[in-house]
Amino acid sequence: MKLIIARHCQTDWNARHKIQGSTDIPLNDAGRMQAVALAEKLAGAGISRIVTSDLSRALETSSIIACRLSVRIVPDRRLRECSFGIVEGMPFGLFQFLFGSMHGKTPEKRLNYDFRLFGGELGALVAIRYLEAVFDIIRNGPSDSTVMIVAHGRGLRTFLAALRIEKSVPQQGDYAVIDL
């Protein structure tokens, strides 16, 4: 099975460098244009379905792509972004000043984080959610299909780290391919 992973496209909070987490922020106009361009890039990729986070920014990204590719969307709550708790809405720079970097360079650091102090989630639990969702995608096959996953930066980094896949999470408006 081939997985095509993509982050949702741009929101106003992305443009303002704010922590989004599980707060449901919609795409902005730039994000919608990114999604249209991404759909064009994927036109010949042979995608059979899109499994997406149920947050509106991922759902709208998926809807734009699905409309162009004439495929169905399957929302999956397990692909939501990590909850960062009370720091959602905080500028990244302020968080980094107060608490240090949110981003780890090694797989262990991308997996072993803990936002429970802020009322958020533990990285291992985010990994479990994502892995369960992907295992269900694989189980529902067929094994020679190409499935797109539209999710979130932290969640995808956590998922890739859990599988020890040394691949960067794509920028908004781009994608990466994983052969399973």
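There is at least one residue in segment 51-65 that is more than 19 Å from Lys18 (Cα to Cα), open to solvent by less than 10 Å² (accessible area, probe 1.4 Å) and either small (Gly, Ala, Ser) or in a loop (DSSP other than H, G, I, E, B) (or both). Among the residues of segment 104-137, those identified as farther than 17 Å from Ser83 by Cβ, surrounded by 13 or more Cβ atoms within 10 Å (Cβ to Cβ), modelled with pLDDT of 95 or more and of a type outside the set (Asp, Glu) are Leu131, Val134, Ile137.
So is Val126 β-branched (Val, Ile, Thr), more than 15 Å from Leu3 (Cα to Cα) and out of contact with any Phe, Trp or Tyr (no Cβ under 7 Å at 6 or more places or on another chain) or not? Taking the combined requirement at face value, the residue satisfies it.
Looking only at segment 148-166, residues that are open to solvent by less than 50 Å² (accessible area, probe 1.4 Å) and in a helix (DSSP H, G or I) come to 9 in all.
Suppose the filter is small (Gly, Ala, Ser) and touching a strand residue (DSSP E or B) at 6+ places or on another chain (Cβ under 6 Å); does Ala66 pass it? Answer is yes for this residue. Of all the residues in segment 66-94, those that are without any contact (Cβ under 8 Å) to a residue 12 or more places away in the chain and assigned to a loop (DSSP other than H, G, I, E, B) number 1.
Considering Arg139, Arg157, Arg129, the condition of being out of contact with any helix residue (DSSP H, G or I) (no Cβ under 7 Å at 6 or more places or on another chain) and either basic (Lys, Arg) or at negative phi (or both) is satisfied by Arg139 alone. Taken together, Ser101, Ser145 contain a single residue that is without any contact (Cβ under 8 Å) to a residue 12 or more places away in the chain, surrounded by fewer than 20 Cβ atoms within 10 Å (Cβ to Cβ) and among the polar types (S, T, N, Q), which is Ser101. When Arg78, Arg16, Arg32, Arg72 are checked against the criterion of being touching a Lys or Arg at 6+ places or on another chain (Cβ under 8 Å), surrounded by fewer than 21 Cβ atoms within 10 Å (Cβ to Cβ), more than 20 Å from Leu160 (Cβ to Cβ) and modelled with pLDDT of 95 or more, a single residue qualifies: Arg72. Of the residues screened, Met1 is one that is among the hydrophobic types (A, V, I, L, M, F, W, C), modelled with pLDDT under 95 and open to solvent by 10 Å² or more (accessible area, probe 1.4 Å).
The values are calculated or read from the model by the stated rules, or taken from the named source; none is laboratory data. What you see is a predicted model, and the numbers here were worked out from it, not measured in a lab. All Cβ positions, glycine included, derive from the backbone under ideal geometry; neighbour counts span all protein chains shown. Each accessible area value is taken on the protein alone, full model and side chains, heavy atoms only, with ligands, DNA and RNA left out. Shrake-Rupley method; radii C 1.70, N 1.55, O 1.52, S 1.80 Å.
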